[in-house]
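A short write-up of the structure that comes next.
The values are calculated or read from the model by the stated rules, or taken from the named source; none is laboratory data. From a predicted model like this one, the values you see are computed outputs, not experimental measurements. As a convention, Cβ positions derive from the backbone with ideal geometry for all residues, glycine included, and neighbour counts pool all protein chains shown. When the accessible area is computed, the model is the full protein with side chains, heavy atoms only, and any ligands, DNA or RNA have been set aside. Shrake-Rupley method; radii C 1.70, N 1.55, O 1.52, S 1.80 Å.
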Amino acid sequence: DTAVSQTPKYLVTQMGNDKSIKCEQNLGHDTMYWYKQDSKKFLKIMFSYNNKELIINETVPNRFSPKSPDKAHLNLHINSLELGDSAVYFCASTKGIAGVETQYFGPGTRLLVL
Amino acid sequence: RKEVEQDPGPFNVPEGATVAFNCTYSNSASQSFFWYRQDCRKEPKLLMSVYSSGNEDGRFTAQLNRASQYISLLIRDSKLSDSATYLCVVSPFSGGYNKLIFGAGTRLAVHP
């Protein structure tokens, strides 16, 4: 009965590889997000989708491409992985798009690029 | 200047102590304010929203001072289970979209 789930939980890969992280929420929410938490613990928003439409696209390299096949799923594909991509990636969801809404986070995907 | 600034700590306190965390934000147009809690190697979870009138939830009290762009969190009678990182979170107005700006967090360690 996990509300927001992510796969995989851990990802160790070589520089230059392409990898994907998947996120699913069963809360019936309309909006989903990807965040990156770096080694200094700053949590920064990368993307947000509302009903499959991209609504927030922060300054993120083009190597990162989100895809939302339906409003319950938001995937993140990363091309040509670099050392600096090593971080924890959190997916989150909210019912709507208003700033007062509680964000529900997934457990995170720990990515290590060697 | 960072958009949301917090004292990183760590704050090491004994059980039963009262501890206060502070946070400042740079965008005066910010609309909503929160404290999230993040346990080690876990995801952030909402602790409480912060209202202009101040609000309390059990041992936790949050205050907002819009004029000074300052948010605080007070924890009374600290428990071992309060050990975590506390994230100050601000939602600026951004075309109506829910874009949260997180501080780097203040680490709290409660010891017996």
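A few points about this structure:
- Looking across the range A:70-114, the residues that are farther than 20 Å from B:S49 by Cβ, surrounded by fewer than 18 Cβ atoms within 10 Å (Cβ to Cβ) and within 11 Å of another protein chain (Cβ to nearest Cβ) come down to A:P107, A:R110.
- Screening the range A:56-69 for residues that are at pLDDT below 95 and in a loop (DSSP other than H, G, I, E, B) and picking the one that is least open to solvent (accessible area, probe 1.4 Å) gives A:V60.
- Subset of the range B:4-28 (residues that are within 20 Å of A:E101 (Cα to Cα) and either open to solvent by less than 50 Å² (accessible area, probe 1.4 Å) or facing chain A (nearest Cβ under 10 Å) (or both)): B:V4, B:Y25
- Residues that are touching a residue at least 60 places away in the same chain (Cβ under 8 Å) and not hydrophobic (A, V, I, L, M, F, W, C), drawn from the range B:24-62: B:Y25, B:N27, B:S30, B:Q31, B:Y36, B:Q38
- All of B:Q63, B:Q69, B:Q31 fail the test of being among the polar types (S, T, N, Q) and under 19 Å from A:I45 (Cα atoms), apart from B:Q31.
- Note on the range B:46-60: residues that are surrounded by 11 or more Cβ atoms within 10 Å (Cβ to Cβ) and closer than 14 Å to A:V100 by Cα amount to 6.
- Among strands (runs of 3 or more DSSP E) entirely within the range B:22-89, having at least 1 residues that are over 26 Å from A:G106 (Cβ atoms) and touching an Asp or Glu at 6+ places or on another chain (Cβ under 8 Å) singles out B:70-75.
- Qualifying positions in the range A:24-64 - over 10 Å from the mean Cα position of the chain (by Cα), small (G, A, S) and over 26 Å from B:C40 (Cβ atoms): A:G28
- Meets criteria (within 11 Å of another protein chain (Cβ to nearest Cβ), β-branched (V, I, T) and free of Cβ contacts under 8 Å to residues at least 40 places away in the same chain) for A:T31: no
- Taking the criterion of being facing another protein chain (nearest Cβ under 10 Å) and within 11 Å of the chain's Cα centre (by Cα), the residues of the range B:51-105 that qualify are B:T85, B:L87, B:V89, B:V90, B:F102, B:G103, B:A104, B:G105.
- Per-region count, the range A:34-55, residues part of a loop (DSSP other than H, G, I, E, B) and either among the polar types (S, T, N, Q) or within 11 Å of chain B (Cβ to nearest Cβ) (or both): 6
- Among the residues of the range B:103-112, the ones that are open to solvent by less than 10 Å² (accessible area, probe 1.4 Å) and part of a strand (DSSP E or B) come to 2 in all.
- Scanning the range B:11-21 for residues that are out of contact with any Cys (no Cβ under 8 Å at 6 or more places or on another chain) and either part of a strand (DSSP E or B) or of a type outside the set (V, I, T) (or both) returns B:F11, B:N12, B:V13, B:P14, B:E15, B:G16, B:A17, B:V19, B:A20.
- The residues of the range B:71-89 that are surrounded by fewer than 14 Cβ atoms within 10 Å (Cβ to Cβ) and of a type outside the set (K, R), listed by number, are B:D77, B:L80, B:S81.
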